[in-house]
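Undergrad: Next up is a structure, given as structure tokens.
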Amino acid sequence: MARPSNTPSPSTRNKNIVDQAKGGEEEDEEEIVVSHIYPSFMIPDIFTGYPPVRDALVTDTSVAQDQIANECRHFVAGEDDILEYNEHGVPRLSRDKHIRFLHLALGGLPGGFVAVDASRSWFLYWAISGLTILGEDVSRYRNAVAETARSMQNDTGGFGGGGRQLSHMATSYAVVLALALVGGEEAFEVIDRKAIWRWLCRLKQPDGGFQVCLGGEEDIRGAYCAAVIIKLLNLPLDLAPESPAWTGEGDKNLLTGLGDYVRRCQTFEGGISGHPNAEAHGAYAFCALGCLSLLGHPSQVIPRYLDVPRLIAWLSSRQYAPEGGFSGRTNKLVDGCYSHWVGGCFPLIEACLSGAAAGGADLAAGSLTPAPESLFSREGLIRYILCCCQDLTRKGGLRDKPGKSPDAYHSCYVLSGLSSAQHQWELVPPEEQEEEPASAGTEPTTATTRSAAAAAAAADPLWVVLPYFEGVQIFDQRDRVRPIHPVYAIPHRNQQAIRNYFLAKEGF
Ligand code: FPP
Ligand code: K
Ligand code: ZN
């Protein structure tokens with residue numbers, strides 16, 4: 001049970017704050033309670049009270065924000081009757097329910113889903129990824145995923161959102177990751193690497209960025225997805241003559257100008273927009289940092305292209321209290337999926353800053369220092385996820401916020417965010433990096449034979465992971481989920497296995 005039944009709820013107090021803001025009318029059945037000490041759980045005041053600083057100008061935006069803050073506060077402050085809170089006021093992760101939800105998402109979908117038919121490859125990735133983070137062995141889906149992926153591949157390179165659909169950068173990224181997650185030769189061999197390389201060449205633009213599909217828009221999703229695909233599949237960087245970026249001089253490759261493209265997406269707010277001169281959004285911040293982290297050592301590349309202090313200021317402004325979760329952009333509401341898109345930026349930023357201490361940051365040298373502690377409230381995010389994002393009344397699954405239905409997309413990214421909040425990723429500075437290829441802390445890694453390929457992989461940034469620990473752990477140890485690689489968003493060993501498989505190949 002949530003709280004002793006005779007304990008009055010502090011939401012009464014907060015409700016009145018909201019009512020005053022809206023014009024002061026009071027409802028008769030609500031009495032103002034100010035004198036009790038609450039809650040009995042160890043929940044910091046910031047998650048039980050109402051924000052001390054609020055926008056006094058009443059607009060649709062401020063009203064929506066007040067409503068959601070109050071609604072989330074009810075769950076985060078330990079007041080919900082369905083959730084069972086531990087002594088820290090944190091509920092358990094309903095792992096089994098979420099696992100069931102995601103297995104079901106891999107089966108047939110109801111008719112209404114025809115509206116998202118062009119996202120079938122995404123559904124595959126979201127469900128397989130969510131299951132993986134929850135600790136399920138997804139290799140049983142190897143055959144099915146390989147067959148489905150084959151049906152989505154085009155002879156002209158890349159994967160569509162479904163069979164007989166135009167190849168798209170985002171759906172190709174999703175399929176490649178799904179194949180990496182189920183793993184094994186049967187899955188890897190589905191990918192026509194030569195065709196996908198040709199297709200990427202045709203998408204590469206003279207200004208450094210990538211179109212997301214032939215004739216389509218050029219944006220930062222294209223930049224991140226292309227970098228991930230190139231790396232995981234060990235594609236050659238050479239440009240084919242049919243590329244719009246080809247000059248005939250041999251001075252350009254698939255990654256030329258990509259960092260500069262990302263730089264042009266940083267906005268006046270400090271965040272990152274989908275393309276130059278647009279609105280900063282958290283999903284694009286992750287794309288920017290992920291892309292840059294694949295161009296070299298993150299501690300060197302990120303500060304070379306981005307104003308890191310202004311980006312940190314913008315990212316920090318995305319976390320709200322009492323909700324604890326992140327919003328995607330200025331003046332918008334918290335949403336569980338930003339646990340990944342925004343939360344997932346922090347390991348990359350933290351790695352960039354600690355590399356700066358070791359002399360890694362070549363440009364902004366002197367202006368960056370390692371973060372003395374977590375750059376965001378991991379506690380707040382974990383509270384938001386476990387209190388507000390679990391659908392426990394029905395079939396399980398994770399959601400955007402209370403009142404919304406769970407879905408595979410939110411399940412995947414809420415769990416990714418939980419994983420990054422529960423773990424600490426550190427980057428070994430380039431000069432300290434040993435010969436031995438990556439071993440990722442708590443994850444057992446697959447044995448790799450020493451070969452030219454492994455030696456090449458050893459030149460990549462080396463990430464190590466540990467359980468995050470600072471003070472008390474508010475969640476039950478059984479609710480720790482698997483660590484996932486901060487750039488590829490899949491477990492370290494899956495990333496290593498697919499890369500090593502293709503690194504070992506001579507040519508296509
Ligand atoms: C706004 O939605 C959302 C966006 C502007 C960008 C969404 C992009 C992604 C989630 C992923 C991109 C990354 C890859 C790798 C393909 P909204 O207005 O519904 O939400 P908001 O109010 O929270 O901004
Ligand atoms: K949203
Ligand atoms: Zn969302």
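Undergrad: Please state the Cα pair-distance histogram of segment 266-403 with 5 angstrom bins from zero: what percent is in each bin?
TA: The distribution over segment 266-403 is 2, 11, 20, 21, 18, 13, 8, 4, 2, 1, 0, given as percents.
Undergrad: Hand me the GluC sites (Glu not before Pro) from segment 73-139 located in a DSSP loop with no more than 14 other Cβ atoms within 10 Å, in residue order please.
TA: Glu84, Glu87
Undergrad: On to the next question. Provide the per residue accessible area, probe 1.4 Å, for the chain, rounded to a whole number of square angstrom.
TA: Counting only protein heavy atoms, the per-residue value for the chain is 41 Å².
Undergrad: In the structure displayed, which of Lys194/Lys252; Lys332/Lys401; Lys97/Lys332; Lys231/Lys505 lie more than 22 Å apart, Cα to Cα?
TA: Over 22 Å apart, Cα to Cα: Lys97/Lys332.
Undergrad: Charges at C-beta only: +1 for Lys and Arg, -1 for Asp and Glu. How large is the resulting dipole of the chain about its Cα centre, in Debye rounded to 20?
TA: It works out to roughly 1220 debye.
Undergrad: Given just the C-alpha atoms of the chain, how large is their convex hull per residue in cubic angstrom?
TA: 157 Å³
Undergrad: Just how far, in whole angstrom, is segment 136-201 from segment 297-360 if you go by their alpha carbon centroids?
TA: 30 Å
Undergrad: State the extension gain, in nm to one decimal, for the chain segment bounded by Val58 and Asp238, taking 0.36 nm per residue of separation less the distance between their alpha-carbons.
TA: My answer for the length gained is 59.3 nm.
Undergrad: Give the separation of the Cα centroids, segment 250-283 to segment 71-100, in Å.
TA: With segment 250-283 and segment 71-100 each reduced to a Cα centre, they are spaced 39 Å.
Undergrad: Carbon and sulfur together cover what percent of the accessible area of the chain at a 1.4 Å probe radius?
TA: Using a 1.4 Å probe with all protein chains present, the chain comes out at 52 percent carbon and sulfur.
The values are calculated or read from the model by the stated rules, or taken from the named source; none is laboratory data. It should be emphasised that the depicted structure is a prediction, and the values quoted were computed from it without experimental measurement. A quick note on method: Cβ atoms are made from the backbone with ideal geometry, for glycine too, and the neighbour counts reach across all protein chains shown. The accessibility values were calculated without ligands, DNA or RNA, using every heavy atom of the protein model including side chains. Shrake-Rupley method; radii C 1.70, N 1.55, O 1.52, S 1.80 Å.
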